[in-house]
Amino acid sequence: MILEIILIIIWALFIGRSYLDFSPNTLPGGNELPHLTQSHLIWRLLPICGSCVLWNGQVNGGAPAFVETSGAPLHPLVILTTLIWGVFNGSKVIALVSLMIAGLGQWGLARALKLGWLPRIWSALLAVAGGHLAAKMENGMLLGLLSTASASLILPALVNLLWNGNRRSAVWLGFALALTGLSGEGYIQIGTVIGILPPAVLLLWDKNWKLKMAWRDLALAFLLAFLLLGVFWAPLIHFSPNYVKDGDDTFSNYVPLAHIPLNLVLSDGDYYHMSILGKDGLVYTHAIFIGWIPVLFALASLRFVPKKGRPVMVYFWVSILLLFVICSSEFAHLIYPILPGFKNLRHLSPVTGLAVPYLLGLAAWSIDRILKKVKTPAVLFPRSNGTYYGIPVFGLVLLLVLLYSLKPPYEFGRQWLNNWNLQLPPSLIESLSVDSAAWVTPPDGEFQWIPVLLEKGFKLGQVWRPWFWKDRSFPPALYTITNDPNYSSDAAPIASFAHLRTFYDPAIEYAAVQTEDGSIPCAAEAAGGWIDVVCQNAAAGKLLVYENQWSGWKAWRDGQPQPLLDNQWLSVTAPAGKHHYSFRYQPWDVPLGLLFTLCGFGMAIWMLRRT
């Protein structure tokens, strides 16, 4: 068993070997990775100011750090890798570990099905190489890779619990569900709730259609996952009324149901870039290539899976069909009049990748049964003691076929699992200089600017995100870097490079006292949810700090608590003279969520001890 695990880990390192390059200015995957992982940067503040990480003051006026669905700031792997290696190299480690998790999850499923060593190892290696993982990195969808891999841990726990009656698997199921919930991206979690869990009820009845006692352990697993996710759902529920997401009522990312299975066997990269057969050209949402060989073996399960295992086989096929259906254009147009909010699920197609572990499990099952059923002559090999051992001819041929089946998905995935160099014009970066906290607007759509400017200590405004806060405007920017040739400003550009220009507006201040005679700038330092401002104003007025005011913010002036004024931005009264103002984000929802999470760990210990 240990050797099999080591082999899977080595294979994952080989598949993702590009990510073993820890050069500081190289990023894994496509160009969207910087904006998809910007929320992970909050953890660099943990050693500096501790609880200040509860507020993400990096983009668009700031927001509660844990109310995040695009990134995965609460995933243990994200926290650990960011603290040790930073976001760039930490993302490479996340990608590598995700490949390992996917392989080990597939291997665990084969063990739960009680398959032999060959189908176990083969299905795990193919899961690591599959296009459902590698293609996620085409645009840098690291969280799609992480969440898809995390979801693969759910299946072996479900089968062990509901089919094999292993009660301890309820604990592992709870943790697998929690890790999937914390993996970001959002769509994979929806696919899990709709396509993986409901069909599992088919395994809750025995052959006499009597409800198994395992339903209690399943309920405990769901409760455990709910508790473990407390630190995530408590802030999310608190702020959800203020949460708005882009929608698409044309459902351009949804493919006709009949075309979705084609993505399992089509390996032409150009095909995925084209808008053809009812799909758009977003590679990372559609590519789930694994090749014809595993698909044919999966279909063979309809013939070879034994009668005893048919409930599991039916569960697998029902889930596959359900995952494909909910990602189809037919389903989207059918459900939209009933649930108008469905349009907010613009890119649900990545959920089809959740069908791959099922298919590989069925394929491995077929291979295991075929090896046990088919008897052929053996090729004899001599031993050192003069005796012979035989290997069946069919087994040798099948081994060669299985080894060959790894080649197409490996070659398909290699084009996506690469690094790219981060290169920005030094002249524009050097033109940005401030002595106080400041907002900067980066070039529209050029996400590579995000990590560089954040590392320099700037706060970024007007950054595109797939979701935004209701009725909130962007903070005014001291610097604007634009790639729009028609952009106009009262200020003159202070630097330019190729298609980019930098504008500087000295009238903009991050923090200033507003008086009847005008605005008096203040010196400000901002680190997440810790903001300190020093003002010296001759006349009384109102201190305005361009940071979103939300429930949880508290203010002090010279150590004395001050009430916040009614404003989108942080604001307090400012008497004349020199004063020190402190703003701290101290929400009630995170401690409440942490309490639930701690209860979850306690419950896990109790569940393990009782079994």
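Which one of 464, 416, 420 is in a loop (DSSP other than H, G, I, E, B), farther than 30 Å from residue 550 by Cβ and of a type in the set (A, V, I, L, M, F, W, C)?
Matching residue, one of 464, 416, 420: 416.
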Completion exercise
Of 397, 356, 374, the only residue that is without any contact (Cβ under 8 Å) to a residue 12 or more places away in the chain and within 23 Å of residue 302 (Cβ to Cβ) is 397
Practice task
Could you check the stretch 548-600 for strands (runs of 3 or more DSSP E) lying wholly inside it with 2 or more residues that are closer than 22 Å to residue 238 by Cα?
Solution key: 553-557, 569-574, 577-585
Handout entry: Failed item in (1) within 30 Å of residue 120 (Cβ to Cβ); (2) over 22 Å from the mean Cα position of the chain (by Cα), with residue 269 passing the rest
Key = (1)
Exercise for the section: Could you tell me which residue of the stretch 499-518 is surrounded by the fewest Cβ atoms within 10 Å (Cβ to Cβ), considering only residues that are in contact with a Pro (Cβ under 7 Å, 6 or more places away or on another chain) and outside any strand (DSSP E or B)? Expected result: 508
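Yes/no matrix, rows are residues, columns are (1) under 19 Å from the mean Cα position of the chain (by Cα); (2) surrounded by fewer than 22 Cβ atoms within 10 Å (Cβ to Cβ):
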residue	(1), (2)
50	no, yes
56	yes, no
65	yes, no
69	yes, yes
79	yes, yes
89	yes, yes
118	no, yes
134	yes, no
140	yes, no
Exercise for the section: Could you check, for the stretch 292-307, whether at least one of its residues is modelled with pLDDT under 95 and in a loop (DSSP other than H, G, I, E, B)? Expected result: yes
Handout entry: Residue in the stretch 411-421 that is of a type in the set (A, V, I, L, M, F, W, C), surrounded by fewer than 17 Cβ atoms within 10 Å (Cβ to Cβ), within 30 Å of residue 122 (Cβ to Cβ) and outside the structural domain of residue 510 (by TED's automatic domain parsing) present
Key = no
Practice task
Hey, can you tell me all the residues within the stretch 311-360 that are of a type in the set (D, E, K, R) and in a helix (DSSP H, G or I)?
Solution key: 330, 343
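The values are calculated or read from the model by the stated rules, or taken from the named source; none is laboratory data. This structure is a prediction, so every number in the text was calculated from the model and none was measured. Backbone-built Cβ (ideal geometry, glycine too); neighbour counts: all protein chains shown.
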